[in-house]
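To start, the structure itself, in structure tokens.
The values are calculated or read from the model by the stated rules, or taken from the named source; none is laboratory data. Since the structure is predicted, the reported quantities are computational estimates derived from the model, not experimental observations. Positions of Cβ are generated from backbone atoms using ideal geometry, with glycine treated the same way; all protein chains shown enter the neighbour counts.
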Amino acid sequence: MVFVGMDHGTTGVSFTVLHDEPVHFKIGRDELSAGDVSAVEELSKRVKLDSIQLMAITYAMGDGINKITPLSKVKDRGILSIEGAGKVTGGGTAVYEDIENSGIPTVLIPGLHKNTPCMDPRFKAAYSHHASAEKVSICYNAHLETGFENFIVSDISSNTVSILLENRKIKGAVDACLGSMGIVHGPLDLKMIRDIDEGTRTANQCFSRAGAVKVAGIDEKVAHAKDVLLEKYRNGDSRAQLAMETMLMTIVMEIWGLFGVAQEELQGVVLTGSVGSMQDPFDFYSALKKRVEDMGRVVMLPPTSGSVGSAQIARDVFKGANDILGIEVL
């Protein structure tokens, strides 16, 4: 039996084929936006399309649905709007339409937002949006890999999103524009709000330059920002060093914030993403682990956890699961 998962990420779209041995591949944003590659064609090079029992995909913020939904029943690609959510290149839309037209049985995973029933009403009252859909996939992979039922997941890469799970259900999350820094995205501070009011920058422009790149003074495309930052760090650039330490500080604050509102005793913290699993040139994983290990066991997952989790959701939905971490299957 073959199942496929997709992670619609900031720097590209990642796939995992679950078969005898998992197969991972990623198509970069630049390739997708240029129209140089077809996701379904790339998938067909790795697996016979008619052998796929079910595929589970994510798309953008996923705020237009609140259930795991067959693609044939999804309107407007499962989103309320594409505006104000980071850099828009059109590559993810091309992948969605490619899959939609392929005939592969597919379900769409929702994001976490104010209409997600399983979440704590206080989180939903405080914030309209909490996390895009691939965070659900990451949490499911984390649950299956660790066996944890009460834990925190922090996905750290171009942006940082941390999620609280209790009794195997997603209860709360802090989105990138609200809490801690990632490499590119981060929370909007007072200066940015003033810039927006004065018309010198849009909110989206501020959000897309509020992460570690702001501290390091880097102005690069999203796909290249991390490499530029790390190269500066290797070369001893003081602003790059401060950027990494500042990002670390904000993430520690975010994780401890979720720990402080948890109503169950937590079993641990799961760190993932290209920065959450980073050990060179800056051992981000060890530095963060040291600061949160009082919460329980700290586990690192590889950056493929999003696409793997999507494939695991596809497998378990196909086998009859009624819900995934509290999110209903339609």
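Numbers for the structure displayed
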quantity	calculated
Selection status of GLY172, at pLDDT 95 or above, part of a loop (DSSP other than H, G, I, E, B) and of a type outside the set (Phe, Trp, Tyr)	no
Lone unmet requirement of (1) surrounded by fewer than 19 Cβ atoms within 10 Å (Cβ to Cβ); (2) assigned to a helix (DSSP H, G or I) for TYR140	(1)
Given (1) modelled with pLDDT under 95; (2) in a helix (DSSP H, G or I); (3) within 17 Å of the chain's Cα centre (by Cα); (4) not hydrophobic (A, V, I, L, M, F, W, C), number of the condition HIS224 does not satisfy	(3)
Which listed residue is out of contact with any strand residue (DSSP E or B) (no Cβ under 6 Å at 6 or more places or on another chain) and either closer than 15 Å to ASP283 by Cα or touching a residue at least 12 places away in the same chain (Cβ under 8 Å) (or both), from GLU264, GLU231, GLU254	GLU231
Looking only at region 10-26, and only at residues there that are touching a Ser or Thr at 6+ places or on another chain (Cβ under 8 Å) and at pLDDT 85 or above, the one that is surrounded by the fewest Cβ atoms within 10 Å (Cβ to Cβ)	PRO22
From ILE255, ILE251, residue being among the aliphatic types (A, V, I, L, M) and farther than 20 Å from GLU149 by Cα	ILE251
